[in-house]
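Reading through the structure tokens given below for one structure.
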Amino acid sequence: MFVVDIVGGIGRRARTASTAGVVAVRLSGAVLRAGMSLPRAALGQWWGAFARQIQFTAWDALTLVSTLALLCGAIIIGEANAQAVRLGLADTIGRIVVAAGVREIAPALTALIVAGRTGTAIAAELASARALGEADALDALGIDVIQYYVLPRVLGVAVAAMALTLVFDFATLLGGLLTVQLLQQMSTAAYLESVRLALSVSDVYEAIGKGLLNGAGIALVSCVSGLTARRTATEVPRAVSRAMMWSSMVVIGVSALGIMLRVMS
Amino acid sequence: MSAILAMTDVLPKKATVEWAEPLTLNVPKGTWTVVRTTPERSHMLARILIGAQAISSGEVVVLGRPIGKISRSERRLLLSDMGVLLDPAGLLSNLSLVDNLVVPAVFRGSKGISLPRRHALDVFEELGIADYGKRRPADVPEDVRQIGALGRAIVGNPRLLVLENPMASVRSRVADDVWRICRALAPTAIITSFRRDEMLYSVADDLYLWDSAGLRRAAVEASV
């Protein structure tokens, strides 16, 4: 009986996860449709929500992200420098900071910050809107809930996450530069040359792509989590925790996708 | 009189003990119909009438369209001809009361923002809550909130008004005035309620009681 319970539990979880996946895919299509049929008069209202989303996600988190990125760059360089000098590979410092910091850590850490700040806020707001009957009332008034709630959030968070990822990348490189100067084991010019050689245009495109995908994915799963919550106040924290969990999966998925595409190319 | 709303042998998809028998009900044009029943049936009936809850059998025809069988975009178009107030009223908490009337109009395809705003202010003036227009729902008393939500339902001169437990907290003298204005703006309405409310009975042209014995018409005067 114990084994049956375990298998049953796994089956239930798989079904829930696949249902959530199907909902997310269907919602993506609905978001596209909603974007194309947005009434002209609603554009002003919509831009307001879009701009507020960018302000909350990117501008308000700028200090936090920059500080983290500086520290991140400093840690990577501090650790890599010690090892590289010991092994006589000091000229690979730039490659390490680009490969680890710019390509992988920056998009993932930025996305986790966005998930923790914005994704949870979206899930809490929409779950509250469900509990208070706001989402049902909008639907009853003939308003597309996806147009009103989901579209500005998905696009706003996507743009904001992309911008934050680029800021994170830049601040990581800056953190590395400051550390190199502090440790005095490598000249500034040598560090910059090493970074220049390691960094390519495709790295910037990758950061932009990952930022957009992470942002859109996080906003989408957070909206799904909020809008599928049951109509009670106790569902709000559950929706928040679900959003955080699904967002983490999105971040890992996007990182894995990036590695796969790089290996394939 | 032609029926604005016709329900024939309707059973909800979510089977319940309370709603076990098929329901047939017509709301003729130009009448206000009140259905008093249990909270669960009232809740389900209101949502079936707006196509938010699926049915397992029968047909619901609203303003000449089978609301459960039409596409989502057609349903939204149909709902924009109706005025709906559910319980809870669901006023958007981050908007002022006036914006709660303006924003839905704008998203429903109104050409600009100034006309819906003027209509909203006119309705609030008539309903006697114009002083609260700029405040958010959480900053106004419960009765003003309920009148505001009703204002949102009637602002577009709907062809059919669907109300679920409206104005539970509104004093009877104020409610009398509000109902008079609502009747002027929306000639046809169906109200579902579980409350024994004399004001609701007095506003009704047709009153139905729906209990375990089924749906039956009651004399409005006798109920009052």
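The values are calculated or read from the model by the stated rules, or taken from the named source; none is laboratory data. Because the structure is predicted, anything quoted here is derived from the model rather than measured. Cβ sites come from the backbone with ideal geometry, for glycine too, and all protein chains shown count toward neighbours. Please note that ligands, DNA and RNA were not included when accessible areas were found on the heavy atoms of the full protein model with its side chains. Shrake-Rupley method; radii C 1.70, N 1.55, O 1.52, S 1.80 Å.
Calculate the mean, over all residues of peptide A:39-52, of how many other protein chain Cβ atoms lie within 10 angstrom of the residue's Cβ. The partial results should precede the final answer.
Working: counts 6, 5, 11, 9, 1, 3, 7, 2, 0, 0, 1, 0, 0, 1.
What the average comes to for A:39-52 is 3.
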Quick query: amide H of B:A218 versus all other amide H atoms, modeled in the peptide plane; which residues come in under 5 Å with a sequence gap of 5 or more or a different chain?
B:L207, B:Y208, B:L209
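Quote the Stokes-Einstein diffusion coefficient, in whole µm² s⁻¹, for the range A:133-260, based on the Kirkwood radius over alpha carbon pairs, a temperature of 20 °C and a viscosity of 1.002 mPa s. Walk me through the intermediate numbers first.
Numbers: Rh = 17.4 Å.
After rounding, the answer is 123 µm²/s.
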Could you give the spread of the C-alpha atoms of chain A along their three principal axes, from largest to smallest, in whole angstroms?
67, 60, 35
Peptide B:69-78, shielding by other chains (average Cβ, 10 Å cutoff):
2
Run the numbers for A:M260 and A:L62: contour at 0.36 nm per residue of separation, minus the present Cα-Cα distance, in nm.
68.3 nm
Sequence gap of 8 or more, or different chains, plus Cα separation below 27 Å: how many lysine pairs satisfy both in the protein assembly as shown?
4
At 1.4 Å probe radius, can you tell me the per residue accessible area of the protein assembly as shown in Å²?
48 Å²
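Below 8 Å between Cα atoms, with a sequence gap of 6+, how large is the relative contact order for the range B:25-78 in percent?
Details: 26 pairs, mean separation 11.1, N = 54.
Normalised by residue count, the contact order of the range B:25-78 is 21 percent.
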In what sequence, largest accessible area first, do A:I259, A:I76 appear using a 1.4 Å probe?
A:I259, A:I76
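May I ask for the percentage of alpha-carbon pairs in the protein assembly as shown that lie more than 35 Å from each other? Provide the component values of the computation, followed by the final result.
Values: 54521 of 119316 pairs.
Result for the distance tail: 46 percent.
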Over what distance in Å are the Cα centres of the range B:1-47 and the range A:161-196 separated?
68 Å
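So for the range B:1-101, considering every pair of alpha-carbon atoms, how many percent are separated by more than 23 Å? Intermediate results must be reported in sequence, preceding the final value.
Details: 1559 of 5050 pairs.
For the range B:1-101, the fraction of Cα-Cα distances above 23 Å is 31 percent.
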Can you tell me, using C-alpha contacts under 8 Å and at least 6 residues apart, the relative contact order of chain A as a whole percent?
31 percent
Going by amide H atoms built from the backbone, whose H comes under 5 Å of the H on B:N26, apart from near neighbours?
B:M7
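Using a 1.4 Å probe on protein heavy atoms only, how many Å² of accessible area do A and B hide from each other, summed over both chains and rounded to 100? Intermediate results must be reported in sequence, preceding the final value.
On the way: alone 14120 and 11360 Å², together 23430 Å².
Buried surface at the A/B interface: approximately 2100 Å².
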Could you report the accessible area of A:W46 in Å², rounded to 10, computed with a 1.4 Å probe on the protein chains as they sit in the structure?
20 Å²
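Output the antiparallel fraction of DSSP beta bridges having both residues in chain B, as a percent to the nearest 5. Intermediate results must be reported in sequence, preceding the final value.
Details: 18 of 35 bridges.
Approximately 50 percent, going by the DSSP bridge assignments.
For the range B:1-97, what % of the accessible area comes from carbon and sulfur atoms, probe 1.4 Å? Could the numbers behind the result be given before it?
Details: 2190 of 4180 Å².
Carbon with sulfur: 52 percent of the solvent-accessible area.
What is the average number of partner chain Cβ atoms found within 10 Å of a Cβ in B:105-115? Don't jump to the answer; show the numbers that get you there.
Numbers: counts 4, 9, 13, 7, 6, 4, 3, 3, 4, 0, 1.
Per residue, the number of nearby Cβ atoms from other chains is 5 on average.
Once you keep just the Cα pairs under 8 angstrom separated by 6 or more residues, what percentage relative contact order results for chain B? Can you show the working numbers first?
Numbers: 415 pairs, mean separation 61.0, N = 224.
That works out to 27 percent.
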Accessible surface of chain A [probe 1.4 Å, protein heavy atoms]: carbon and sulfur percent:
70 percent
Would you calculate, for chain A, the mean residue ellipticity at 222 nm contributed by helices, counting each DSSP H stretch of 4 or more residues as -39,500 (n - 2.57) and dividing by all residues, to the nearest 500?
-26500 deg cm²/dmol
Would you tell me the accessible area of B:V174, worked out with a 1.4 angstrom probe on the heavy atoms of the protein chains, in Å² to the nearest 10?
50 Å²
Derived scalar couplings ³J(HN,Hα) [the range B:53-63; Karplus, 6.51 cos²θ - 1.76 cosθ + 1.60; whole Hz; x for Gly, Pro]
10, 7, 10, 9, 8, x, 8, 10, 10, 10, 6
